[in-house]
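Input: a single structure, listed below in structure tokens.
The values are calculated or read from the model by the stated rules, or taken from the named source; none is laboratory data. Because the structure is a prediction, the values reported are computed rather than measured. Positions of Cβ are backbone-derived with ideal geometry, glycine not excepted, and every protein chain shown enters the neighbour counts. Ligands, DNA and RNA are excluded from the accessible area calculation, which covers all protein heavy atoms including side chains. Shrake-Rupley method; radii C 1.70, N 1.55, O 1.52, S 1.80 Å.
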Amino acid sequence: MATCQARYRKNQLRVSWRILAFLAIGLFTLAGCQRKSPPTTVMQPAAPAGDEDTSDADTSDADTGDEDTGATAKKPDVPANADAKADAPAKPAAPAKPAAPVKPDATPAKADVVQPDAVATGPQLYERHCAGCHGKTGDGKGLAARFLFPKPRDFRSGRFRLVSTTNGAPTAADLDAVLVRGMPGSAMPPWPQLSEPERKLLVEEVAKLRREGAAAQFIQMLKEEEDLEDDEIEQDEVQEFVTRRTTPGPVSEVPTIAPANAAAIARGKELYVKQSCHSCHGVDGKGDGQQKMVDDEGLPTRPRDFTQGVFKGGHDVASIYRRIANGMPGTPMPSSQKLTPEQVVDMVHFTLSLSDEAARQATILRREKITVKRVDSLAGKSGSEVWSSINPITLRMTPLWWRDGADPGLQIQAAHDGKNISVRLSWSDETADRNAAKTDAFEDAVALELYRGPSEPFIGMGDPNSPVDVWFWDADRQGPMVTVEDIYPNMVVDRYPFSEAVASTADYNRPATKLKEQPNISLPAKASGNQIVPDGTGSSNLTAAGPGSVTFRLPTNPHVAAHGEWSNGRWTVVMTRPLSLGDEGQGISLEPGCTASIALAIWDGMQNDRDGKKLITIWQDLILEN
């Protein structure tokens, strides 16, 4: 096979795998109106976008800035030189009055979602929403974990960062707060679609996984250090150890914290330098100090940029006080036990002074209600007058592979005419990355995930009982085809067996070598009508029923039409599709008056985004006017 031909095929396959992988470890899902498929009470494995409900990568809690990456520990969480059996049982103490965990500083808006017919159990909820990232056993090694940074928390090891207790064992309120708030600065989203009873079940399931992990660690230690066999290990002894290690201790006290003033901030700044906080977080708190850091699992981490307003554990003063005073277990962030409570309060005020409330609130993912306006007629162009009458809604996004300042200011508008639906998406992007012919180039792209059903599935491509539709557009396939010969005009090739009998020279610029001169037999993807081949539209209609299952729908199905335009540092893409698709085999149908769920993903080619390296939203409500 000729070199140029082989490179063309390689390029087309490369882009194809990109798109499939984009969505394979997926990022989004949607729920809403009544759906004809069976109730989703039987939960299948899923891969949440960092469902770190207890400590996922939370090392960068604002007061620590440490980019937490909790991976599975290879050894028992018991020091080799520690006599675990001699550990005196810690009697849980009553929480101190001021120590009650503070409620999350921002609660994502609770949307009107249809509840399942039957209440799922804790294990079912965990498998559906959490196992994809945190693993079925809670070891942090779910299907999606490899695509996330910081890494999902290993619940079994017990290295929880965001805790209110003095012994590092989280309370139920600590875990619930993460489900409600999410973890800004990581891929862990908030879960506004879960009811309070469902969150309670999940919290209990995470606690159970931690107990199982503690038991396994202790048993492993006994086998390695005391050479015991299974039948020689006393279960009562194991249970005693588990109780000691997993029972929450006293909640750390937080003094009454008065509002900040200039004097307090100045004292805090002086302490910030005196305590050498600047050596990691930088003189101005931008996180530009010491960069080469690892956590207790040996994974890379870095200090938080306080000016971004990203606080994984919440930006209320009590949470930041605890991070500074107690440190972040398992991370380079130390405690400040030598400081007086008054000094810690001053440092809290200085830390918060480095960002404003608007910036802090902007880091929190919220669920929005997107009304699909009923109009007389639709137009697929981004500049259509239809859009001037519809107020755009801004959706917050988070990168699955964390980078600061990544939110692109995504705005969405939607309209329907009773027959078709159009969605207009607009976001900031400094460069228009329109082709990916080079091996080190990546295109800009956007995807919308659609779901209807009684209970939303995993945000990463649904599951076998809850399939999702995916509408995809990328800039590379919309424009003119850019071939290898365009990128490398001085390339040399060998013989093309289907277009020339003898090659008289190795120069590329000879008859019968250009792509347009190749017969279809040399380009099977093009010949077969594979949607991955650029056709000038850039759009695709796909379906998925779990991570790794993304599939193009047949071209005979009603197709998603899309068109993108880039102007003044901003992409605008309009996607249009018929409301009704006939039968379920063709996709998810919509109708006036219904509610569905959508989530969105964006890839920025200049940032080398591809596959799981992308920005995502959480589930949003899509409400069609009658």
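For the subset of the stretch 278-313 comprising residues that are aliphatic (A, V, I, L, M) and within 23 Å of LEU148 (Cβ to Cβ), which member is surrounded by the most Cβ atoms within 10 Å (Cβ to Cβ)? Show your work before the answer.
Filtering the stretch 278-313 down to residues aliphatic (A, V, I, L, M) leaves 283, 293-294, 299, 310.
Subsequent filtering for residues that are within 23 Å of LEU148 (Cβ to Cβ) retains 293-294, 299, 310.
Values: MET293: 18, VAL294: 12, LEU299: 18, VAL310: 28.
Step by step, filter the stretch 278-313, then rank; the result is VAL310.
When residues in the stretch 388-412 are screened for being of a type outside the set (A, V, I, L, M), within 24 Å of GLY479 (Cα to Cα) and in a strand (DSSP E or B), 1 of them pass.
Considering the stretch 342-382 alone, what residues qualify as being touching a residue at least 60 places away in the same chain (Cβ under 8 Å), farther than 19 Å from PRO303 by Cα and part of a loop (DSSP other than H, G, I, E, B)? Within the stretch 342-382, ILE364, LEU365, ARG366, ARG367, GLU368, LEU378, GLY380, LYS381, SER382 meet the criteria. Of all residues in the stretch 316-331 being assigned to a loop (DSSP other than H, G, I, E, B) and out of contact with any Asp or Glu (no Cβ under 6 Å at 6 or more places or on another chain), which is modelled with the highest pLDDT? Among those residues, the one meeting the criterion is GLY327. Would you be able to say whether some residue in the stretch 547-561 is more than 30 Å from GLU430 (Cβ to Cβ), open to solvent by less than 30 Å² (accessible area, probe 1.4 Å) and of a type in the set (Ser, Thr, Tyr)? Scanning the stretch 547-561 turns up no residue that is more than 30 Å from GLU430 (Cβ to Cβ), open to solvent by less than 30 Å² (accessible area, probe 1.4 Å) and of a type in the set (Ser, Thr, Tyr). Within the stretch 221-232, none of the residues are within 22 Å of ILE616 (Cβ to Cβ), among the basic types (Lys, Arg) and outside any loop (DSSP other than H, G, I, E, B). Answer yes or no: is there a residue in the stretch 253-268 that is in a loop (DSSP other than H, G, I, E, B), small (Gly, Ala, Ser) and within 23 Å of VAL178 (Cα to Cα). Looking for residues that are in a loop (DSSP other than H, G, I, E, B), small (Gly, Ala, Ser) and within 23 Å of VAL178 (Cα to Cα), one finds none in the stretch 253-268, hence no.
Note on the stretch 138-191: residues that are among the acidic types (Asp, Glu), open to solvent by 10 Å² or more (accessible area, probe 1.4 Å) and either assigned to a loop (DSSP other than H, G, I, E, B) or within 24 Å of GLY460 (Cβ to Cβ) (or both) total 2. Condition test on LEU339, is it closer than 16 Å to GLY287 by Cβ, open to solvent by 20 Å² or more (accessible area, probe 1.4 Å) and touching a residue at least 24 places away in the same chain (Cβ under 8 Å)? Spelling it out, it is not the case that LEU339 is closer than 16 Å to GLY287 by Cβ, open to solvent by 20 Å² or more (accessible area, probe 1.4 Å) and touching a residue at least 24 places away in the same chain (Cβ under 8 Å). Taking the condition farther than 25 Å from THR595 by Cβ and either crowded, with 19+ Cβ neighbours inside 10 Å or acidic (Asp, Glu) (or both), does VAL345 pass? Spelling it out, VAL345 is indeed farther than 25 Å from THR595 by Cβ and either crowded, with 19+ Cβ neighbours inside 10 Å or acidic (Asp, Glu) (or both).
The residue of the stretch 517-545 that is farthest from the chain's Cα centre (by Cα), among those that are of a type outside the set (Gly, Ala, Ser) and in a strand (DSSP E or B), is ASN541.
Would you confirm, using the coordinates I've provided, whether GLY593 is open to solvent by 30 Å² or more (accessible area, probe 1.4 Å), at pLDDT 95 or above and out of contact with any Lys or Arg (no Cβ under 6 Å at 6 or more places or on another chain)? Considered against the rule, which asks whether it is open to solvent by 30 Å² or more (accessible area, probe 1.4 Å), at pLDDT 95 or above and out of contact with any Lys or Arg (no Cβ under 6 Å at 6 or more places or on another chain), GLY593 comes out as yes.
Yes/no per residue for (1) in contact with a Gly (Cβ under 8 Å, 6 or more places away or on another chain); (2) within 19 Å of ALA325 (Cα to Cα):
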residue	(1), (2)
THR247	no, no
PRO250	no, yes
PRO255	no, yes
ALA258	no, yes
ALA264	no, yes
CYS280	yes, yes
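Being closer than 25 Å to ILE618 by Cβ, part of a loop (DSSP other than H, G, I, E, B) and within 27 Å of the chain's Cα centre (by Cα) is the filter here, so list the residues in the stretch 554-588 that pass it. Result: VAL560, GLY587, ILE588.
Of all the criteria given as (1) in a loop (DSSP other than H, G, I, E, B); (2) at pLDDT 95 or above, the one not satisfied by TRP427 is (1).
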